[in-house]
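We did not get these values from a lab; they are worked out from the coordinates using the rules stated. Note that the structure is a prediction, hence the values are computed from the model and not measured. Don't worry about glycine lacking a Cβ; one is built from the backbone with ideal geometry, like all the others, and counts go over all protein chains shown.
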Number of protein chains: 2
Amino acid sequence: MTPASPVGHLELVTIGTELLLGFTVDTNSAFLGRVIAEAGVRVSRRTSVRDDPEEIRSAVSDALARSRFVITTGGLGPTRDDMTKKVVAALFDTPLDFQEPIWQALVERFARFGRVPAESNRGQAEVPRGALVLPNRWGTAPGLWLSGRLGELIMLPGVPSEMKGLLTHEVVPRLAARAGGRAIRSHVVRTTGIPESTLAERIATVEDSLDQLTLAYLPGIEGVDLRLTAWDLAEAEARRAFERAEGGIRAIVGDHCYGTGDDDLAAVLLERMKASGLTLAVAESCTGGMVGERVTAVPGSSAVFLGGVIAYANEVKAGLAGVSTDAIGADGAVSEAVVREMAAGVALRTGADLVVAVSGVAGPGGGSDAKPVGTVWFGFSVRGAVDAQRVVFPGSRADIRGRAAQFALHGLWRRAAAPPPGR
Amino acid sequence: MTPASPVGHLELVTIGTELLLGFTVDTNSAFLGRVIAEAGVRVSRRTSVRDDPEEIRSAVSDALARSRFVITTGGLGPTRDDMTKKVVAALFDTPLDFQEPIWQALVERFARFGRVPAESNRGQAEVPRGALVLPNRWGTAPGLWLSGRLGELIMLPGVPSEMKGLLTHEVVPRLAARAGGRAIRSHVVRTTGIPESTLAERIATVEDSLDQLTLAYLPGIEGVDLRLTAWDLAEAEARRAFERAEGGIRAIVGDHCYGTGDDDLAAVLLERMKASGLTLAVAESCTGGMVGERVTAVPGSSAVFLGGVIAYANEVKAGLAGVSTDAIGADGAVSEAVVREMAAGVALRTGADLVVAVSGVAGPGGGSDAKPVGTVWFGFSVRGAVDAQRVVFPGSRADIRGRAAQFALHGLWRRAAAPPPGR
């Protein structure tokens with residue numbers, strides 16, 4: 001059915017009027033590109049067309065003429081936009097057959113939800129003669145893999161969960177076996193608390209020594225991610241090259257590097273604290289609960305995290321976090337004295353080993369010459385020993401709050417590394 | 001320079017190897033599609049190619065042959081991928097001229113940041129002869145608008161902020177004046193707390209009566225958005241049709257509808273509370289600060305929001321929120337008794353008019369037959385009068401927490417509508 005000729009590259013044709021109108025951001029394409037590249041096949045072009053038979057026909061036909069291998073997404077639904085199969089069948093000059101087993105599977109799937117498929121669903125059981133049917137466990141429209149004189153064509157549904165399931169479980173294993181090139185592999189090293197330009201200067205020597213990899217800087221609210229890419233290495237070779245490069249970067253940036261890949265700083269922090277048997281609490285003003293939210297997003301955080309106080313109004317800073325009116329009166333709520341008392345007060349009230357306190361001017365209003373928008377004070381209590389830091393963050397209110405939450409987590413992570421005093 | 005012939009549709013060609021490898025999600029295309037559609041021009045096709053001169057040439061040339069009007073993004077940077085202009089100049093058979101004023105503007109821009117442009121930046125001052133230069137206030141590469149025998153071609157940079165600035169300020173005004181069709185307009189009605197299928201059943205009559213609009217259901221963590229689209233109406237007509245449809249929907253779904261467009265439920269809540277002079281506090285367990293985070297993300301939230309307690313561990317529920325050990329002992333931390341005491345305790349300690357308390361099983365572990373993963377108890381205190389509700393949310397840990405935070409905000413918003421007792 002699918003001849004075993006090697007596949008070096010392929011084209012994507014994504015079908016859907018919504019994609020061109022910009023109502024939805026096309027996240028499918030990034031997933032397709034990445035997974036196909038990891039399988040060792042290159043996506044050489046991507047075309048997006050609206051739900052129109054002539055547009056679909058010309059895009060698919062041109063792509064097959066150029067590349068002989070095409071994956072389409074979309075146009076397999078039960079509604080009026082169910083036109084991909086008809087167009088493709090005509091193009092490949094093959095009839096559409098109604099396949100009873102597909103229909104029965106559909107009836108059973110509907111029955112599980114107490115429903116009966118509509119007449120319009122019958123089209124989903126139609127298959128261009130000769131196509132391999134890729135069973136869809138994530139929805140109703142099966143994927144289809146058709147080979148013919150024009151080349152090979154894989155049709156996938158446009159619903160992201162169904163496309164991803166079919167691509168990962170049905171397409172990639174077959175594609176990887178026929179990959180003509182080597183896989184494109186990447187490895188991300190995550191840093192925080194160091195600006196992109198400074199980072200670039202410091203690791204210039206590492207960058208210059210990368211002969212088999214390329215390096216990309218990906219700055220964001222949580223810090224700067226460094227993406228290393230191996231364009232043409234076998235898996236073991238790529239892994240060794242990544243390890244060498246990561247080692248070089250870590251040796252220079254030290255604990256500005258907190259992880260790799262998808263590592264989340266909150267998860268990394270919780271892991272370290274759990275290993276040392278430490279407990280955590282927060283005292284948040286300008287972040288308003290964001291540090292707590294980041295920490296509790298991690299499953300199992302209750303082993304470490306006790307809770308804390310959202311001390312937004314001054315009365316709550318006083319009443320629940322135990323900040324003195326003297327401290328607030330002396331230099332305002334955004335001050336060293338206040339974050340120190342917030343951290344100490346919440347440590348006392350919760351008994352947590354580590355506490356971070358955050359108070360700042362997130363904007364857009366409320367800034368002054370002495371305390372411009374972006375000014376944030378952090379207080380850290382480590383088993384009762386309190387220290388404080390002041391940082392001015394750039395960006396919007398959302399940027400400042402996000403950067404402040406990340407800075408708080410990073411400060412906690414650093415402080416959790418040293419053995420706590422008194423132990 | 002740009003002849004005033006009408007433009008009915010155009011094609012996009014996005015240039016960048018990263019787009020095909022899936023390292024980045026292509027958010028540019030959605031923005032381009034939406035803004036161009038709003039200007040009354042239809043995007044008929046989108047092609048993405050890698051940084052390769054032959055690929056760029058064939059994609060641009062085919063698109064011009066089909067549509068006579070093309071916008072490209074990417075390939076205008078100072079590095080090796082600076083090939084769009086060269087390819088286009090060759091295609092239009094016109095030379096590239098070095099324009100001193102563009103170079104001077106670049107030198108001045110660099111000087112403002114205390115830098116000097118590199119020799120490689122000189123290419124950014126090269127312009128295909130006859131092209132209209134679109135000044136780029138957001139970066140270094142100007143946009144270019146070229147007209148010729150093959151049609152019209154607009155070249156924009158790929159950096160999102162620069163592309164968006166140039167498109168909005170330089171391209172759209174010129175394009176709108178020549179739009180061949182009417183604009184595609186849309187209007188979003190936001191609902192929460194009502195499942196998609198129930199919503200669809202209830203508003204079926206409204207949907208059937210839409211003769212000039214189409215309706216799309218967009219379910220998400222925050223609820224179900226209803227997008228109404230007018231495909232071919234003048235602005236005033238579209239506005240009237242949207243008002244009628246929205247009125248019909250609101251009459252049926254009542255206060256499940258909390259806003260339109262980009263309205264955020266937390267902002268809508270704060271507005272209502274501010275108008276009534278009410279204050280707000282939170283007592284969060286399973287959401288871990290997410291409700292506070294949502295509220296404080298809104299600028300000016302300090303007029304209403306006092307703060308509260310993140311009561312994750314039972315000791316913090318007792319110590320900071322005043323929950324009795326009896327309540328926790330009777331039916332555990334996820335129970336009606338506990339959320340009632342959390343709400344009342346935080347109301348007492350902060351003096352807030354409205355308080356929401358949230359305690360639930362966010363998973364993935366910790367579920368039981370009596371309290372499966374997704375079970376969340378909410379307690380609401382309205383000037384001391386406390387009530388409670390239990391909901392079981394579907395989905396992942398992130399889904400459950402996000403839905404619970406939205407439910408908490410919705411419950412507060414509903415309760416803030418009634419005049420508070422004792423006033």
Taking square-rooted eigenvalues a ≥ b ≥ c of the alpha carbon gyration tensor, is the stretch A:123-183 rounded, prolate or oblate, where a/c under 1.5 means rounded and, failing that, a/b exceeding b/c means prolate? oblate
Expressed as a percent, the portion of alpha-carbon pairs in the stretch B:185-260 spaced more than 20 Å apart is 23
Residue of B:W413, B:W231, B:W103 that the Gaussian network model of chain B assigns the largest fluctuation, springs spanning Cα pairs under 10 Å: B:W103
Mind listing the label-point distances from A:D369 to the same position on all other copies, shortest first, one decimal in nm, points 7 Å along Cα→Cβ? 7.1
Volume per residue, Å³, of the convex hull around the alpha-carbon atoms of the stretch B:84-199? 194
Nearest 10 degrees is fine. How inclined is helix B:397-415 to the longest principal axis of chain B, computing both from alpha carbons? 70
Between B:D93 and A:D326, what is the spin-label point distance in nm, taking each point 7 Å from the Cα along the Cα→C-beta axis? 8.7
Listed by chain and number, the residues whose amide H is under 5 Å from that of A:H9, excluding neighbours fewer than 5 places away on the same chain and using placed H, are A:R42
Taking Cα pairs under 8 Å and at least six residues apart, what relative contact order does chain A come out at, in percent? 11
Across the stretch B:363-376, in residue order, what do the Karplus-derived ³J(HN,Hα) couplings come to in whole Hz, using 6.51 cos²θ - 1.76 cosθ + 1.60 with θ = phi - 60° and x for Gly and Pro? x, x, x, x, x, 9, 4, 6, 10, x, 3, x, 5, 9
So the pair-distance distribution of chain B, from every Cα-Cα distance in 20 Å bins, comes to percents of 22, 37, 32, 9, 0
Expected vector for the stretch A:40-45, Karplus 3J(HN,Hα) from phi with 6.51, -1.76, 1.60 and θ = phi - 60°, integer Hz, x for Gly and Pro, equals x, 10, 9, 7, 8, 6
Which whole-number percentage describes the relative contact order of the stretch B:1-98, with Cα contacts under 8 Å and a sequence gap of 6 or more? 34
Sort out for me the Cα centre separation of the stretch B:162-190 from the stretch B:329-393, rounded to whole Å. 47
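Within a 10 angstrom radius of each residue's Cβ in A:26-36, how many Cβ atoms of other chains show up on average? Whole number is fine. Working shown, then result.
Details: counts 8, 5, 2, 7, 10, 2, 2, 11, 5, 1, 3.
That average works out to 5.
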Mind listing the long-range amide H neighbours of A:V224? Cut-off is under 5 Å, sequence gap 5 or more, other chains count too, H placed in the peptide plane at 1.01 Å from N. A:T191, A:T192, A:G193, A:I194
Mean Cα-pair separation over length for the stretch B:265-415, i.e. relative contact order, pairs under 8 Å, 6 or more apart, %: 25
Where rotation carries B onto A, the chain B residue whose Cβ is nearest that axis, in whole Å: B:G289, 1
What is the mean number of Cβ atoms from other protein chains located within 10 Å of the Cβ atom of each residue in peptide A:314-327, rounded to a whole number? 3
Inter-copy distances for A:R174, label 7 Å out on the Cα-Cβ vector, sorted ascending, nm, one decimal, are 4.8
Mean-square fluctuation maximum in Gaussian network of chain B, Cα pairs under 10 Å, restricted to B:V43, B:V298, B:V35, hits B:V298
Taking the label point 7 Å from Cα in the Cβ direction, how far apart in nm is A:D97 from each other copy of itself, listed shortest first? 6.6
Neighbour-count order for B:I252, B:I154, A:I184, fewest beta carbons within 10 angstrom listed first: B:I252, A:I184, B:I154
Suppose only helical runs count, i.e. DSSP H with n ≥ 4. What mean residue ellipticity at 222 nm does that imply for chain A under -39500 (n - 2.57) per run, divided by all residues and rounded to the nearest 500 deg cm²/dmol? -11500 deg cm²/dmol
So how far, in whole Å, is the C-alpha centre of the stretch A:207-240 from the one of the stretch B:23-99? 28
For the stretch A:291-361, what is the Kirkwood estimate of the hydrodynamic radius, computed as the reciprocal of the mean inverse distance between distinct Cα atoms, to one decimal in Å? 12.6
How large is log10 I(q)/I(0) at q = 0.23 Å⁻¹ when the Debye formula is applied to the Cα atoms of the stretch B:259-327, each weighted equally and without solvent? -0.95
Quotient of Cα Rg and 2.2 N^0.38 Å for the protein assembly as shown, N being how many residues it contains: 1.02
Across the residues of B:362-368, average count of Cβ atoms on other protein chains within 10 Å? 2
Projected area, mean over directions - the stretch A:9-176, Cα convex hull, nm²: 9.2
Principal axes of the stretch A:270-410: Cα extent on each, largest first, Å: 44, 32, 21
Compute the long axis of helix A:265-276 from its Cα atoms, compare it with the longest principal axis of the Cα atoms of chain A, and write down the angle in degrees, 0 to 90, nearest 10. 60
Choose one answer from B:E207, B:E55, B:E341: the residue with the largest mean-square fluctuation in a GNM of chain B with alpha-carbon springs under 10 Å. B:E55
